[in-house]
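One structure, pasted below without further comment.
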Amino acid sequence: MTTIPDSEILPLSLEHTFWTWSAQGKVAPIPVTRAEGVYFWDTAGKRYLDFNSMTMCVNIGHGNQRVIDAIVAQARALPYAAPGMATRPRAELGKLLDEITPPGVSKFMFTLGGADANENAVKLARGYTGKHKILTRYRSYHGASAGAMALTGDPRRWPWEPTLMPGVVHFLDRFGALLLGELLVAPVVEQPVVKPVLVDRPELEKQRLVKPLDDLLFALHGFFSHIRPAVLGRGPGVKRHPPRSPPNEGGSFR
Ligand SMILES: Cc1ncc(COP(=O)(O)O)c(C=O)c1O
């Protein structure tokens with residue numbers, strides 16, 4: 001096998017390859033050469049404790065012998081099969097999944113990654129129900145392909161709007177409202193470039209966004225007005241709760 005010196009891994013990777021979700025001129029990748037168990041090593045021999053299992057994909061640990069043996073055996077027997085073919089791994093994995101999933105879930109589609117899986121799930125759901133609208137949380141990540149990115153809630157989606165998959169409606173859930181990033185989302189829906197993509201009823205979308213924030217402020221106000229008298233003693237300046245805001249009309253997802 002031809003190979004390059006360790007010192008070339010980083011410069012050649014930077015020169016000839018793209019980096020997902022990154023400002024291409026600002027990436028600082030770790031040039032990684034090997035991994036074992038919970039550790040991996042870079043070209044300088046520095047050892048890292050891999051708390052993230054790379055991207056949450058190697059939870060069994062790096063270099064597990066049973067995994068290596070299975071990969072080698074499959075590569076020798078049948079390294080590739082076309083999507084329309086039945087294979088032993090396909091048959092065995094389908095059966096195993098059936099044994100551990102709830103009753104009624106007995107059929108599976110195998111994909112090559114998360115974004116691929118999510119886009120296929122959307123396709124199947126739309127095909128089955130005949131409906132088009134997909135609801136996803138602002139506090140969510142679903143992948144980097146065009147459809148999966150449309151589903152993704154985090155702000156890295158914004159530069160790609162409005163050319164992504166249509167029919168996606170993002171909502172802000174009760175707990176998500178605690179994150180500052182999500183508090184920043186509210187003004188954005190007012191911007192014309194995002195609005196047509198997010199909703200077909202802008203006033204409803206605004207309600208969905210504002211209601212959890214309103215709940216949060218109400219809860220914080222309640223919390224602090226109880227803490228203050230406890231710490232400072234009751235007296236002037238202790239405020240009462242404001243009246244609860246009226247319930248949403250038709251816009252609540254909780
Ligand atoms: C929850 C979730 N969904 C989807 C994806 C996308 O997976 P992939 O990068 O394999 O397309 C990820 C990747 O980190 C993820 O964490």
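Consider a paramagnetic label point 7 Å from the Cα of residue 65 along Cα→Cβ; state which residues of the range 31-59 have an amide N under 11 Å from it.
Once the point is set 7 Å along Cα→Cβ of residue 65, nothing inside the range 31-59 turns out to lie under 11 Å by backbone N.
Determine ³J(HN,Hα), in whole Hz, for all residues of the range 32-45 in sequence, where each value follows from phi through the Karplus function 6.51 cos²θ - 1.76 cosθ + 1.60 and θ = phi - 60°; x replaces Gly and Pro.
Result, ordered by residue: 9, 10, 7, 8, 7, x, 9, 10, 9, 10, 9, 5, 8, x Hz.
While we're looking at this one, here's another question. Would you mind checking which residues have amide H under 5 Å from residue 168's amide H? H placed 1.01 Å from N; only 5 or more apart, or other chain.
134
Continuing with the same structure: So what's the gap between the Cα centers of the range 55-87 and the range 106-151, to the nearest angstrom?
25 Å
How much length is gained if the chain between residue 95 and residue 51 is pulled fully straight, taking 0.36 nm per residue apart and subtracting their Cα-Cα distance, in nm to one decimal?
On the way: separation 44, 0.36 × 44 = 15.84 nm, distance 3.15 nm.
Here the segment from residue 95 to residue 51 would lengthen by 12.7 nm.
The numbers here are math on the coordinates, done by the rules we state, and not lab data. What you see is a predicted model, and the numbers here were worked out from it, not measured in a lab. Don't worry about glycine lacking a Cβ; one is built from the backbone with ideal geometry, like all the others, and counts go over all protein chains shown.
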